[in-house]
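Report on one structure; see the data block that follows.
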Amino acid sequence: MENRRYEIGYDLHTHTIFSHGKGTIEENVCAAIDRGLSHIAISDHGPGHLFYGIKRKHVPVMRKEIEALNQKYPEIMVQLSVEANIINSANHLDVTPEEFSQYDFVIAGYHYGLPRGYCVSNWLWGHGLKLGQRRLRNKNTDMVIKALYENDIAILTHPGDKGPFDMLPIAEACADTDTLMEISTWHPHLTVEELKTAARTDAQFIISSDAHTPKRIGDFEGGLKRAVEAGIDLSRIVNLREIK
């Protein structure tokens, strides 16, 4: 099986008690070391999320802890990121351009739980009310593409999740902006069909655990399985490495 031939080298999408996760930063780091990872990022939910967002005052606290952990565990690189929320306002993220410098890099995705993000319409769509689907798809797609072009986003997290999106132009924008498209093992996106569509462009991919507990750090098998089923050239998954 493919998952016996490959392993994940690093995991850049993990959560902690600073937002929606159950583990501490150090517990995530120790789990990553146990999994044999060379690199982990702490990427808690952006501050605009009404329920799970990080508090802006905690960002310097997180930075200080990560700097200490890099000294304590020299065998792994630990970075501070944030999973910004894509919205239809300002720079189309809930992290301002001035706040980008607080992080080593920024990842971003669409979530419920924020104003100015078509949250109610997408939630209703996800629960069976498909009225106005074409218009909602166009608005969602436009919102994501604008976020990609207006910001330096390292990874577009679980694209296609929580609403209707047109994946081809989103993948084209990711290719044009050098934004990795995430194959999540926590969410079902990218799906097999979405992967087939995205692969028609020059977009590159990354598998992420989106771990909310330390025990899920480095989980990649489900993402690899979908990529293989979609016929993706596995060299396009940047954090996948073949076991020697």
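The values are calculated or read from the model by the stated rules, or taken from the named source; none is laboratory data. Remember, predicted model here, so these are calculated numbers, not experimental data. With ideal geometry, Cβ positions are generated from the backbone for all residues, glycine too; neighbour counts draw on all protein chains shown.
Details
- Flag set for Ser81, criterion: part of a strand (DSSP E or B) and either in contact with a Ser or Thr (Cβ under 8 Å, 6 or more places away or on another chain) or surrounded by 14 or more Cβ atoms within 10 Å (Cβ to Cβ) (or both).
- Matching entry among Lys162, Lys244 (being free of Cβ contacts under 8 Å to residues at least 12 places away in the same chain, among the charged types (D, E, K, R) and assigned to a loop (DSSP other than H, G, I, E, B)): Lys244
- Pairs with Cβ under 6 Å, 6+ apart, first in region 195-206 and at positive phi and modelled with pLDDT under 95, second of a type in the set (S, T, N, Q) and not in a helix (DSSP H, G or I): none
Quick grid of which residues meet (1) out of contact with any helix residue (DSSP H, G or I) (no Cβ under 9 Å at 6 or more places or on another chain); (2) within 22 Å of Gly48 (Cβ to Cβ); (3) without any contact (Cβ under 8 Å) to a residue 12 or more places away in the chain:
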site: Ala108; (1), (2), (3): no, yes, no
site: Tyr112; (1), (2), (3): no, yes, no
site: Cys119; (1), (2), (3): yes, yes, yes
site: Leu129; (1), (2), (3): no, no, yes
site: Leu136; (1), (2), (3): no, yes, no
site: Leu148; (1), (2), (3): no, yes, no
site: Ala154; (1), (2), (3): yes, yes, no
site: Ile170; (1), (2), (3): no, yes, no
site: Ser184; (1), (2), (3): no, yes, no
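- With respect to (1) over 30 Å from Lys215 (Cβ atoms); (2) in contact with a His (Cβ under 8 Å, 6 or more places away or on another chain), the lone exception for Asn140 is condition (2).
- Conditions (1) assigned to a loop (DSSP other than H, G, I, E, B); (2) under 21 Å from Ser209 (Cα atoms); number of the one not met by Ala41: (1)
- If only residues of region 174-231 that are assigned to a strand (DSSP E or B) and over 20 Å from Ala32 (Cα atoms) are counted, the one that is farthest from the chain's Cα centre (by Cα) is Phe205.
- Selection from region 49-66 of residues that are surrounded by fewer than 20 Cβ atoms within 10 Å (Cβ to Cβ) and at pLDDT below 95: Leu50, Phe51, Tyr52
- Region 84-99, residues that are farther than 20 Å from Phe51 by Cα and surrounded by fewer than 17 Cβ atoms within 10 Å (Cβ to Cβ): Ala90, Asn91, Pro97, Glu98
- If you go through region 85-123 and keep only what is in contact with a strand residue (DSSP E or B) (Cβ under 9 Å, 6 or more places away or on another chain) and part of a loop (DSSP other than H, G, I, E, B), you end up with Ile87, His92, Asp94, Val95, Tyr103, Asp104, Phe105, Tyr110, His111, Gly113, Leu114, Gly117.
- Residue in region 187-205 that is under 21 Å from Gly46 (Cα atoms), touching a helix residue (DSSP H, G or I) at 6+ places or on another chain (Cβ under 7 Å), surrounded by 18 or more Cβ atoms within 10 Å (Cβ to Cβ) and among the small types (Gly, Ala, Ser) present: no
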